[in-house]
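The values are calculated or read from the model by the stated rules, or taken from the named source; none is laboratory data. In this text, all values refer to a predicted model and were calculated from it rather than measured experimentally. Reconstructed Cβ throughout: ideal geometry from the backbone, glycine too, with neighbour counts over all protein chains shown. Just the protein is used for accessible areas: all its heavy atoms, side chains included, with ligands, DNA and RNA removed. Shrake-Rupley method; radii C 1.70, N 1.55, O 1.52, S 1.80 Å.
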Amino acid sequence: MTALARPTHGRMIGGVCAALARRFGTSATTMRVIFLLSCLLPGPQFLLYIALWILFPSEDKAASGTAW
């Protein structure tokens, strides 16, 4: 498994689904479909996505060693 970092290429909005897909060894499309299906259930999915967007460093920043 790889470190959680939002990729600079292949992301659609924030790169959260692409980062999770890399981490768990699945395709980004599969992770996006899972997220969209989870939005049909009650819960804070959008808030979780925004929180992960803030918490996961961008791939270029993670490579340089700076989180901000």
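Side notes on the structure shown:
- Taken together, ALA19, ALA28, ALA51, ALA62 contain a single residue that is modelled with pLDDT of 85 or more and touching a Phe, Trp or Tyr at 6+ places or on another chain (Cβ under 9 Å), which is ALA19.
- In the range 30-63, of all residues being within 17 Å of ALA5 (Cβ to Cβ) and of a type in the set (Ser, Thr, Tyr), the one that is least open to solvent (accessible area, probe 1.4 Å) corresponds to SER58.
- Inside the range 1-50, residues that are touching a helix residue (DSSP H, G or I) at 6+ places or on another chain (Cβ under 7 Å) and among the charged types (D, E, K, R) make up a count of 3.
- Here SER27 passes the criteria (1) crowded, with 17+ Cβ neighbours inside 10 Å; (2) free of Cβ contacts under 8 Å to residues at least 12 places away in the same chain except the one numbered (1).
- Within the range 1-24, if we keep just the residues that are crowded, with 19+ Cβ neighbours inside 10 Å and basic (Lys, Arg), the residue that is farthest from the chain's Cα centre (by Cα) turns out to be ARG22.
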